[in-house]
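The structure appears below as structure tokens.
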Amino acid sequence: MATTLFMPDVLVIGGGNAALCSALMAREAGASVLMLESAPKEWRGGNSMHVRNLRCMHEEPQDVLVEAYPEEEYWQDLLKVTGGLTDEPLARMVIRHSSRCRPWMRKHGVHFQPPLSGALHVARTNAFFMGGGKALVNAYYRSAEALGVEIRYDSPVKSLELKDGEFVAAITESGERITAKSCVLGCGGFESNLEWQREAWGQNERGEWTAENFLIRGTRFNQGVLLKFMIDAGADTIGDPTQAHCVAIDARAPLYDGGICTRIDCVSLGVVVNREAKRFYDEGEDFWPKRYAIWGRLVAQQPGQTAWSIIDQKAIGRFMPPVFDGTKANTLEELAVKIGVDPATFMDTLNAYNAACQPGIFDHTALDDCRTDGVTPAKTHWARVIDTAPFYAYPLKPGITFTYLGMKTDATGACRFNEVPSTNLFAAGEMVAGNVLGKGYTAGVGMSIGTAFGRIAGVNAAASTGHRHPTFHEELSYAAGH
Amino acid sequence: MPPVTDLEAPVVGGACEAGVNFADALTAGEAEIARIMQICNACRYCEGFCAVFPAMTRRLEFNKADTHYLANLCHNCGSCLYACQYAPPHEFAVNVPQAMARVRVRTYQDYTWPLAFGRLYERAGLTVALALSGGLALFMILAIAMNGRLIHEPLAGDFYVIFPHNFLALLFGVVFLFAMLALAVGVVKFWREVSPTRDGNLADIKAAAQARVPAVAEAVTDVARLRYLGGGHGDGCNEGDDAFTLWRRRFHHFTLYGFLLCFAATCVATLYHYLWNLYAPYGFSSAPVILGSLGGIGLIIGPIGLLWLNLKRDALRADVKQNAMDRGFIMLLLLVSATGFALLLLRDTRFMALWLAIHLGTVMALFLTLPYGKFAHGIFRSAALLKFNIEKRMPNRLGLGGE
């Protein structure tokens, strides 16, 4: 096997936000860095090319961020969505890191912009990237190249050579053996690996292989090759393989890379029925941005892993326009026939819902008093009678953004074997997200985790080769709460 | 959403052949903008780059007039293409700058006056070549017909010995006024169809009236500063790749202000002549010569820079068919300034008449092609920016969740 002669201080495996943060930090510390991105250049960046913003703690208004979003509130939000399945010290480190990392991001060319129209609900909590994640990824790649990080595309890694929990070399798919003094794994979850997903989700009581009907919102390159390798090598892991950032998206989205535009934002404005033409959950439980992350799993539990969001003319113009046109009909019966559900059951469901809608003052910007009475499941807000033609239906399927199964880690980002941290093998991004996100999701937190652990892993990987980052110490000790 | 492949063929009938009509079906190029905007409207990541995306978010559907409005708002800075998660090789094949560029040239054609002259855009290279050869021939012949020769004893820079002042003023005045008229007719037609108040809604008309003064002020600033060549963040446009550069804005500024200074030089000279009876030739330190020289320098640096950028621009976002139009206009500007300097340097020699004929011939070619070439982009884009600045001050009819 050919061994590459150049031996970098730090080998970064991956090419998304976390990997780039690691590479930049390690390079800033003075280490020589080689980055291996499995995708070709035009698909570089993993899921980061689809991201939109960074959830940021801040004590007072900061450029694009309004008001304040203190540490405690951020923590409570995270606690709520994860149902306690999180590691508080690590989560708080991520949260505090998010309050001070943006000057560094700007330095490497990332631009922020005021919240997008239709996304003002996160104006306080999330800093939006101008142009989105691909612009961020492009900026980081330009900066990495300018700083002298060696970048190789089309370079998937097949396995690692480990010795007593220490990194020795990476073996690429093409058979090249690349040695390095230290390594950061920033190569994502296993969401793109359909076979693994199928196995993880298994068969339901209807005999369906649930994951066969999943769509992957992001990259096709997160095959989980090294995640699998590390699990098999005995690394400590965290997370349940069926836990993921999973939202309900348009069923017509492409299998991979549908990204943000395939989401369906009209759920709370109408009702959602499954293949049997029955409602199955409170569509108006809370503001859609706080609920979109549970609907993927809800739809996954329905027969055929599919459902339809049904609205009438009154909802048009009140939600982010969908990328695909809805199925349109002038009567509800006609709509049922067009989407292929039983019209009689569909009408029963809709009639029961309509009859249960109580009078109230509709206000989509508040938790209003339009609710149902006497129908199960109830719709607790924004429940308006669906009676104004034309009617529209949007088909839903579960869309997996990224999986949470990953490497158990600590505040250093080190991979661990039998609870002993490696001194030169680190992980970042989706590979460690499960430490903070046991389940659930809230917008922008993936980037908070990826940026924090990416930078920390890069600094520590460089430090393990004798290269100390000149400035990060202060920022880190604040994040770590020292 | 498969991309539209045949961009030339209209979707239904020959909608654009005889000018824009609301009832017409979209051409393939317009349909491509509508297709892409539906994707962009569901994404919106690029809202901070320019005016196109904020204008888009005020709409759910994109009719013919909308596509032309958005196409002319687009400055082809390229930011949105390199930032796009749906750009090729993604199957959505979103390429906003290219789709916009293809429709933009149709705007110039469809709103040309007289309409039949829209054809000239399709043969932009030939148009410039004919105008230039015609202009040169005209003044060579005139010089010989009026003076009997092109080479003469030095005349101390007195142009009017060769061509009488009133003759030149009349000839260029008529051509220039015609060019302005043609552009005005076109842009007024364009304005009417994309006007924020075209529905005749009373509340709209009121809101637009209130918005007019601040909107005009902001549109003028946008144009004067070439704000949208800054990329939204101020780092500039993309050229060959995803890196930003301010050189396109700078070269545009050289060109724009160079052109305006030359125009100012002509206006001042006209005032000198008619108001104060000060006749050319003017000294090197006179206002017309200083203004003209500064403008000429701008019109040398600017077009050379723009040509250089044009040649290295990423083909992915260009409409290569427009290269002739773009480069033809750039070359004409460069020729005007270069021949102007040659004339200034040689005006005291035996070659003044020759260079005067060459310079005037080039200027004539520029004037003749103003309404039928790339110059139109400045006019239509300014109109689109004014509309944008009015529209954004009007209440949004859409009430998306969370707003």
Point to revise | chymotrypsin sites (Phe, Trp or Tyr not before Pro) within segment A:352-447, DSSP loop, no more than 16 other Cβ atoms inside 10 Å | key: A:F362
Check your understanding: What is the log10 of I(q)/I(0) for segment B:319-403, computed with the Debye formula using one identical point scatterer on each Cα and no solvent, at q = 0.12, 0.25 Å⁻¹?
Key -> -0.57, -1.12
Review point. Hey, can you list the residues from segment A:318-332 whose accessible area shrinks by 10 Å² or more with all protein chains present, relative to the chain by itself (probe 1.4 Å, no ligands or nucleic acids)?
Key: A:R318, A:F319, A:M320, A:P321, A:P322, A:V323, A:F324, A:D325
Point to revise | Descending principal axes extents, chain B, alpha-carbon based, whole Å | key: 77, 45, 42
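Within a 10 angstrom radius of each residue's Cβ in A:116-128, how many Cβ atoms of other chains show up on average? Whole number is fine.
Neighbouring Cβ atoms belonging to other protein chains average 4 per residue here.
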Review point. Given labels modelled 7 Å from the Cα in the Cβ direction, how far is it in nm from B:R393 to A:T388?
Key: 3.1 nm
Review point. What residues from segment B:22-52 fall in the zone where the backbone N is under 20 Å from a label point 7 Å along the Cα-to-C-beta line of B:D314?
Key: B:33, B:36-37, B:39-41, B:43-52
Exercise for review: Over all directions, average the projected area of the Cα convex hull of the protein assembly as shown and note it in nm².
Suggested key: 42.7 nm²
**Study point:** Over segment B:32-96: Kirkwood hydrodynamic radius from C-alpha pairwise inverse distances, Å
**Key:** 11.7 Å
Review point. Which value in nm describes the separation of the simple spin-label points at B:V185 and A:Q203, placed 7 Å from the Cα toward the beta carbon?
Key: 7.7 nm
Revision key, fill the gap. Ignoring ligands, DNA and RNA, the residues of segment A:21-62 whose accessible area with a 1.4 Å probe is reduced by 10 Å² or more relative to the chain alone are A:E42, A:W43, A:R44, A:M49, A:H50, A:R52
Point to revise | Accessible area buried, both sides summed, chains A and B with 1.4 Å probe, Å² | key: 3200 Å²
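Measure off, as a whole percent, the carbon and sulfur share of the 1.4 Å-probe accessible area of segment A:103-202, all protein chains present.
That share works out to 50 percent.
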Point to revise | Approximate spin-label separation A:Q358-B:M146, in nm, with each point projected 7 Å along Cα-to-Cβ | key: 9.0 nm
Check your understanding: How about segment A:398-482: which trypsin sites (Lys or Arg not before Pro) there lie in a loop by DSSP and see at most 16 other Cβ atoms within 10 Å?
Key -> A:R468
Review point. Let a ≥ b ≥ c be the square roots of the eigenvalues of the Cα gyration tensor of segment A:97-144; is it rounded (a/c under 1.5), or, if not, prolate (a/b larger than b/c) or oblate?
Key: oblate
Review point. Which three extents, in whole angstrom, do the alpha-carbon atoms of segment A:246-399 cover along their principal axes, largest first?
Key: 43, 33, 28
Revision key, fill the gap. Listed by chain and number, the aspartates and glutamates with an alpha carbon less than 18 angstrom from that of A:K163, same-chain partners under 8 positions apart left out, are A:D9, A:D232, A:D236, A:E419
Exercise for review: Would you please give the FRET efficiency between B:V213 and A:L120, computed as 1/(1 + (r/R0)^6) with r the Cβ-Cβ distance and R0 = 22 Å, to the nearest 0.05?
Suggested key: 0.20
Point to revise | Base-10 log of normalised Debye intensity for chain A (one unit scatterer per alpha-carbon) at q = 0.07, 0.08, 0.10 Å⁻¹ | key: -0.38, -0.49, -0.74
Point to revise | Antiparallel DSSP beta bridges within the protein assembly as shown, as percent of all bridges there, nearest 5 | key: 75 percent
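Pairs A:K290/A:K328; A:K41/A:K338; A:K134/A:K338; A:K328/B:K64; A:K278/A:K314; A:K107/B:K387: which are spaced more than 32 Å apart, C-alpha to C-alpha?
Over 32 Å Cα-Cα: A:K41/A:K338; A:K134/A:K338; A:K107/B:K387.
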Point to revise | Largest to smallest accessible area among B:F53, B:F263, B:F176 [probe 1.4 Å] | key: B:F263, B:F176, B:F53
Check your understanding: How much accessible surface area, in Å² rounded to 10, belongs to the heavy atoms of A:R106 with a 1.4 Å probe?
Key -> 100 Å²
**Study point:** segment B:132-195: trypsin sites (Lys or Arg not before Pro) falling in loop per DSSP and having at most 11 other Cβ within 10 Å
**Key:** B:R149
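Would you mind getting me the FRET efficiency between A:R152 and A:E60? Use the beta-carbon distance for r and R0 = 51 Å, nearest 0.05.
0.75
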Point to revise | Listing of segment B:24-58 residues, each with accessible area lower by at least 40 Å² in the full protein assembly than in the chain alone (probe 1.4 Å) | key: B:Q38, B:A42, B:R44, B:Y45, B:E47
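The values are calculated or read from the model by the stated rules, or taken from the named source; none is laboratory data. Everything numeric in this text was worked out from a predicted model, so none of it was measured. Every residue, glycine as well, gets a Cβ built from its backbone with ideal geometry; the counts of neighbours run over all protein chains shown. In case anyone asks, the SASA skips ligands and DNA or RNA and just uses the protein heavy atoms, side chains included. Shrake-Rupley method; radii C 1.70, N 1.55, O 1.52, S 1.80 Å.
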